[in-house]
1. Translational diffusion coefficient, Stokes-Einstein: compute it for segment 30-111 using the Kirkwood radius over C-alpha pairs as Rh, at 37 °C and 0.692 mPa s, and state it as an integer in µm² s⁻¹.
2. In percent, what relative contact order does the chain have, based on Cα pairs under 8 Å that are 6 or more apart in sequence?
3. Using only the Cα atoms, work out Rg/Rh for segment 93-166, with Rh taken as the Kirkwood radius, to two decimals.
4. Charges on Cβ only, +1 for Lys and Arg, -1 for Asp and Glu, centred on the Cα centroid of segment 97-166; of 111, 164, 99, which one is farthest towards the dipole's positive end?
5. Find the Cα radius of gyration of segment 52-98, compare it with 2.2 N^0.38 Å by division, and give the number to two decimals.
6. Equivalent-ellipsoid semi-axes (√(5λ), Cα gyration tensor) for the chain, whole Å, largest first?
7. In terms of solvent-accessible area of protein heavy atoms at a 1.4 angstrom probe, what is the ranking of 135, 99, highest value first?
8. For 79, 54, give me the order by solvent-accessible area with a 1.4 Å probe, most accessible first, ignoring ligands, DNA and RNA.
Amino acid sequence: MKVTSSGIIDGIIQDKYGKRGECNDLGMPICSLPISIKEAPEGTKSFAIVIEDKDAFPVSGGFAWIHWTAANITKTELKENESQTATDFVQGVNSWLSLQGGSHPAESCSYYGGMAPPDSAHIYDIHVYALDKLLDLENGFHLNQLYRQMRGHILEETTIIGEYAH
């Protein structure tokens, strides 16, 4: 499976997908990365996405920052900023829900919450999972629920990375 994003150029996530782009009234960057999936394995029924920042561990109080979780994606192209208008896939809460993120309500955090590294440039892992089924999840699901539902149903996983400057 091959995954690409036109929002990542030469390993750099472009400004508009993070804190130098469009933010909501909570200060959360909201313009989601475009993602393209090619050569999915035979039997793929859906895709799931997790975008995480392991470089956040020292500044977040000891955890990786989750920027986006999405599941039941049945197409191979996600357009730029599609997280804001999506009705054909479900999205889980991101880490802006946490104490460190401002304890925002789940409704405000159940879509893409872009990059905003506070201390230095961070590396972001964009995991894409090809699954053999649709998952039993609703908007606002938690990361652990996604992984529990995916267990035993992952046909292939691909990770691309990008860096976003401080």
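The values are calculated or read from the model by the stated rules, or taken from the named source; none is laboratory data. Being a predicted model, the structure only gives us computed values, none of them experimental. In this analysis, Cβ positions are derived from the backbone assuming ideal geometry, glycine residues included, and neighbour counts consider all displayed protein chains. Protein only, heavy atoms only, side chains kept; ligands, DNA and RNA dropped before computing areas. Shrake-Rupley method; radii C 1.70, N 1.55, O 1.52, S 1.80 Å.
1. For the chosen part, D equals 239 µm²/s.
2. 28 percent
3. 1.01
4. So the residue furthest toward the plus end is 99.
5. 1.36
6. Numbers: eigenvalues 111, 62, 43 Å².
Result for the chain: semi-axes of 24, 18, 15 Å.
7. Details: 135 10, 99 150 Å².
My answer, sorted largest first, is 99, 135.
8. 79, 54
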